[in-house]
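Accompanying notes for the structure given below.
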Amino acid sequence: MTTLIVLDEVDPSATLLNADDGTEIAAHLGQHGVRFERWAVQPGDDPLAAYAGGVAALAAEGYTTVDVAQLHPDTSDPEWGAKAAGARGKFLAEHTHADDEVRFFAAGSGAFYLRVGGHVDIVVCTAGDLISVPEGTRHWFDMGTAPDFTALRFFRVPEGWVGAFTGDPIASRFPTFDDLA
Ligand SMILES: [Fe+2]
């Protein structure tokens, strides 16, 4: 289930908000300039075709490049564990980007951690969720130790997705995706 958990930035044991209503989540995140939408989940194996309307709408806003990122457990692959850990580790520490980080989850889930307003807003995204983390926003992303998702990634700026790591170990103090699942 899509969930927003707001924790204090300094004391993660203090839960300030726990919401699972899409409208409430969008309203809270909107205060910080973070866009959140819930799209109707569409059938089909090709997310670019299934969500062509949404893709076209974002292209009209300037997000003209889109691709599909996906990871699904493959226990028949002896290297799956290492691949999963490698993928998970890429953006597990606090960072920013020069472009908005816009993701739509067509399937599966993952958790964005947004450091905004003295809080850490944890958004556990599931199928049908669109989130846009504004450029320059401190955040990290946890796909868990068993990554399982299909996401569309939207870009305005080539290479805008490159992470600028802050060096702050804040992520290590917060519950992981596995903890939240
Ligand atoms: Fe990021």
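Side notes on the structure shown:
- Gain upon complete extension [Glu135, Ala164; 0.36 nm per residue less C-alpha separation]: 9.3 nm
- Restricting the stretch 80-177 to trypsin sites (Lys or Arg not before Pro) that sit in a DSSP loop and have at most 13 other Cβ atoms within 10 Å of their own Cβ leaves Lys90.
- Segment Lys90..Leu180, full-extension length gain: 30.4 nm, with 0.36 nm per residue of separation and the alpha-carbon distance subtracted.
- Rough spin-label spacing in nm, given labels placed 7 Å along Cα→Cβ, for Ala107 and Asn18: 3.0
- Each residue, Ala57 and Arg153, gets one label point 7 Å from its Cα in the Cβ direction; the gap between the two is 2.3 nm.
- Rounded FRET efficiency, nearest 0.05, which uses the C-beta distance separating Ser76 from Val41 and R0 of 41 Å: 0.90
- For the residues Gly167, Gly110, Gly128, a GNM of the chain with alpha-carbon springs under 10 Å puts the largest fluctuation on Gly167.
- Orientation-averaged projection of the chain equals 10.2 nm² [convex hull of Cα atoms, one quarter of hull surface area].
- Stokes-Einstein D in µm²/s, Kirkwood radius over Cα pairs - the stretch 140-181 at 4 °C with 1.567 mPa s viscosity: 100
No value in this document is a laboratory result; all are computed from the given coordinates. From a predicted model like this one, the values you see are computed outputs, not experimental measurements. Don't worry about glycine lacking a Cβ; one is built from the backbone with ideal geometry, like all the others, and counts go over all protein chains shown.
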